[in-house]
Amino acid sequence: MTKTATWNGVVIAVSDETIVVEGNHYFPPSSIADGVLTKTTHSTHCPWKGDASYYLIAVDGKEITKAAWTYETPKDEAAEIKNYVAFYPTVTIE
């Protein structure tokens, strides 16, 4: 089923190949619109997935920080979501 991620009225990702982990849809990197994500220095650690890197989302002159994340080098248990991008609930997933 195709999933669409929207923020500030703009579609930022579309894919029929999301992976759901802990209730979050992880979008393949190729499904993310060009130029909407900017990597930040923020990171967090999940005991079973590994270290997450965060992105700022910018569309139409508006920005929201730490609204998307990815696991660039996930632990083996989460290898399927490597480089996939998930979004906080401030981004609408339909």
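The values are calculated or read from the model by the stated rules, or taken from the named source; none is laboratory data. Remember, predicted model here, so these are calculated numbers, not experimental data. So basically every Cβ, Gly included, is an ideal-geometry build from the backbone, and we count neighbours across all protein chains shown. Heads up: the accessible areas ignore ligands, DNA and RNA and are worked out on the full protein's heavy atoms, side chains in. Shrake-Rupley method; radii C 1.70, N 1.55, O 1.52, S 1.80 Å.
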Exercise for the section: Please state which of the following conditions D60 fails to meet, knowing it meets all the rest: (1) surrounded by fewer than 17 Cβ atoms within 10 Å (Cβ to Cβ); (2) at pLDDT 95 or above. Expected result: (2)
Problem - Qualifying position, being over 13 Å from the mean Cα position of the chain (by Cα) and either of a type in the set (V, I, T) or open to solvent by less than 60 Å² (accessible area, probe 1.4 Å) (or both), among T73, T4, T90, T38 - result: T73
Exercise for the section: Would you be able to tell me the number of residues in region 41-54 that are assigned to a loop (DSSP other than H, G, I, E, B), among the charged types (D, E, K, R) and open to solvent by 40 Å² or more (accessible area, probe 1.4 Å)? Expected result: 0
Problem - Selection status of S30, open to solvent by less than 60 Å² (accessible area, probe 1.4 Å) and not charged (D, E, K, R) - result: no
Exercise for the section: Pull up region 7-27, narrow it to residues that are touching a residue at least 24 places away in the same chain (Cβ under 8 Å) and more than 23 Å from P74 (Cα to Cα), then point me to the one that is least open to solvent (accessible area, probe 1.4 Å). Expected result: I12
